[in-house]
Every structure is written in structure tokens, then in C-alpha cells.
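> Could you have a look at this structure, given as C-alpha cells, before my questions?
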Amino acid sequence: MAADAPPDFVGDLHAAYIKYVSEDTEALEFVTTDYMRMSGVYWGVTALRLLDRDPAADLGGEKLIEWTLACQHASGGFGGGEGHDPHLLYTLSALQILAILGALDRCDRDKAAAYVAGLQQPDGSFFGDEWGEVDTRFSYCALSALAILGKLRGPGAASIDVDAAAAFVDSCGDRVQSKPFDPTAFER
């Protein structure tokens, strides 16, 4: 190998690291991220899939599915961890985990869709949760969650206004700067 060549990619070491951090429950990072664990689990599951690994085998599939399902609230939304309030971000991550692990049919899909639809506002935006923060990422999460559930359009679709959601996202674009990104634009 040439001296300036990058080192070989060792996917097994990356997979071992993901498994290690998922099991190191005494680590400060593990303890302090409990409220957002759902997203971390999603990224771990996805990384393992990208490494051509079986996340169910590496992370304990049934136990992981049961934990994910335990985070679903009566409202249909999922919290970032057990005992945490439901939020659109974690609802999407939970649905993605269940879909990747082939267990999407085990959650209450109708309640999840109703939870997501209930967060849409008259202007087409979506609240992230009951507290009312609006962000375009929540629009992405809502539409993606409903698409995963098969409830974005067509028979059995959730009651949302997709056109209003698209118009809201479009309204958030930068109409002043129509040229390539200029880092000095924020200084004006």
C-alpha cells in the first residue's frame, strides 16, 4: 500500500463499536442521552445495515423491538426513551427502527398516524409535540412517518393537508438569496 493511501475500511470494527456503546450502560454518554435514545438506536441500526450487518442479531432484535414498542404512548406517538414524552422526531425514529427490523405491524399504526396528523397546524406546519415548537424538520418527520405507515395518500390516509405542508416548507425558503450559498450573507 502506498504511504499516502487511506487505511483499509474495517467494517467489523465499526460494528463492534456500535454494539459496545449500546451495551455500555454505565458510560456517562449512555446515561445522559436517555431522553433521546430512540434516535441513537435508529442511527445504530441504520449504520449496521449500511455495514451489511443484521442489526437484529447484533443488537438483540426482539429485545430492541419490545423496547421500541414500550416507548409508544396511548396518544400513538413515541418518546425518546421509556417514560419520556412523545415527540415527532422520536416517532419517526421508532417507526424507522420497526420497519428496518420487520416489526412495523406490531405498533399501533392507526394511533401513530393520528398522533402525527394531530400535530399539523392550519398553516401546514407541524408541531414537534404538544408544546408547540414549529420547525421544518418536523414537516419532514411527519410526512416521512406517514409514508412509512402507508398513510400519507390514498385509501386509509391520515387526515393531513399535504399541499399545505408543502406550501409551508416552500414558504421557509430564502427568497432573498437566489444564488449559490454565500457565507457572508449572514453578516448582512
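The values are calculated or read from the model by the stated rules, or taken from the named source; none is laboratory data. Computed from a prediction, not measured in an experiment: that's the story for all the values here. Methodologically, a virtual Cβ is constructed for each residue, glycine included, from the backbone with ideal geometry; neighbour enumeration extends over all protein chains shown. Quick note on the areas: whole protein, heavy atoms, side chains included, nothing else; ligands and nucleic acids left out. Shrake-Rupley method; radii C 1.70, N 1.55, O 1.52, S 1.80 Å.
> Please work out if Ala167 is at pLDDT below 95 and in contact with a Leu (Cβ under 9 Å, 6 or more places away or on another chain).
Against the criterion (at pLDDT below 95 and in contact with a Leu (Cβ under 9 Å, 6 or more places away or on another chain)), Ala167 does not qualify.
> Here is a list: Val45, Val31. Which entry is open to solvent by less than 30 Å² (accessible area, probe 1.4 Å) and either aliphatic (A, V, I, L, M) or not in a strand (DSSP E or B) (or both)?
Within the list Val45, Val31, the selection yields Val45.
> Taking into account only those residues within the range 151-160 that are touching a residue at least 40 places away in the same chain (Cβ under 8 Å) and open to solvent by less than 50 Å² (accessible area, probe 1.4 Å), which is nearest to Ile100 (Cα to Cα)?
Per the criteria, the residue is Lys151.
> Does the range 5-14 include one or more residues that are in a helix (DSSP H, G or I), open to solvent by less than 60 Å² (accessible area, probe 1.4 Å) and modelled with pLDDT of 95 or more?
no
> Which numbered condition trips up Phe181, out of (1) modelled with pLDDT of 95 or more; (2) open to solvent by 60 Å² or more (accessible area, probe 1.4 Å)?
All conditions pass for Phe181, except number (1).
> Another question about this same structure. Considering Ala74, Ala142, which residue is open to solvent by 60 Å² or more (accessible area, probe 1.4 Å) and at pLDDT 95 or above? Before you say what the answer is, go through the steps one by one.
Working: Ala142 fails: open to solvent by 60 Å² or more (accessible area, probe 1.4 Å).
None of the other options fit; the residue is Ala74.
> With (1) of a type outside the set (A, V, I, L, M, F, W, C); (2) outside any helix (DSSP H, G or I); (3) in contact (Cβ under 8 Å) with a residue 24 or more places away in the chain as the list, and Thr25 as the residue in question, which single condition is left unmet?
So the condition that Thr25 fails would be (3).
> Moving on to the next point. Would you mind stating whether Lys63 is free of Cβ contacts under 8 Å to residues at least 40 places away in the same chain and either within 30 Å of Val10 (Cβ to Cβ) or open to solvent by less than 10 Å² (accessible area, probe 1.4 Å) (or both)? First the steps, then the outcome.
Details: free of Cβ contacts under 8 Å to residues at least 40 places away in the same chain: yes; either within 30 Å of Val10 (Cβ to Cβ) or open to solvent by less than 10 Å² (accessible area, probe 1.4 Å) (or both): yes.
The answer is yes for Lys63.
Residue-by-condition table, conditions (1) farther than 27 Å from Ile160 by Cβ; (2) under 19 Å from the mean Cα position of the chain (by Cα):
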residue: Asp24; (1), (2): yes, no
residue: Pro55; (1), (2): yes, yes
residue: His73; (1), (2): no, yes
residue: Pro86; (1), (2): no, yes
residue: Leu89; (1), (2): no, yes
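> Which residue pairs have Cβ atoms under 8 Å apart, sit 6 or more places apart or on different chains, and have a first residue in the range 31-57 that is at positive phi and a second that is in a helix (DSSP H, G or I) and not aromatic (Phe, Trp, Tyr)?
Asp52/Gly11
> Hey, could you check the range 129-139 for residues that are of a type in the set (D, E, K, R) and without any contact (Cβ under 8 Å) to a residue 24 or more places away in the chain and say which is surrounded by the most Cβ atoms within 10 Å (Cβ to Cβ)? Quick ask: steps written out before the conclusion?
We begin by selecting, within the range 129-139, every residue of a type in the set (D, E, K, R); these are 129-130, 133, 135, 137.
With the extra rule that they be without any contact (Cβ under 8 Å) to a residue 24 or more places away in the chain, the set shrinks to 133, 135.
Working: Glu133: 11, Asp135: 15.
Per the stated criteria, the residue is Asp135.
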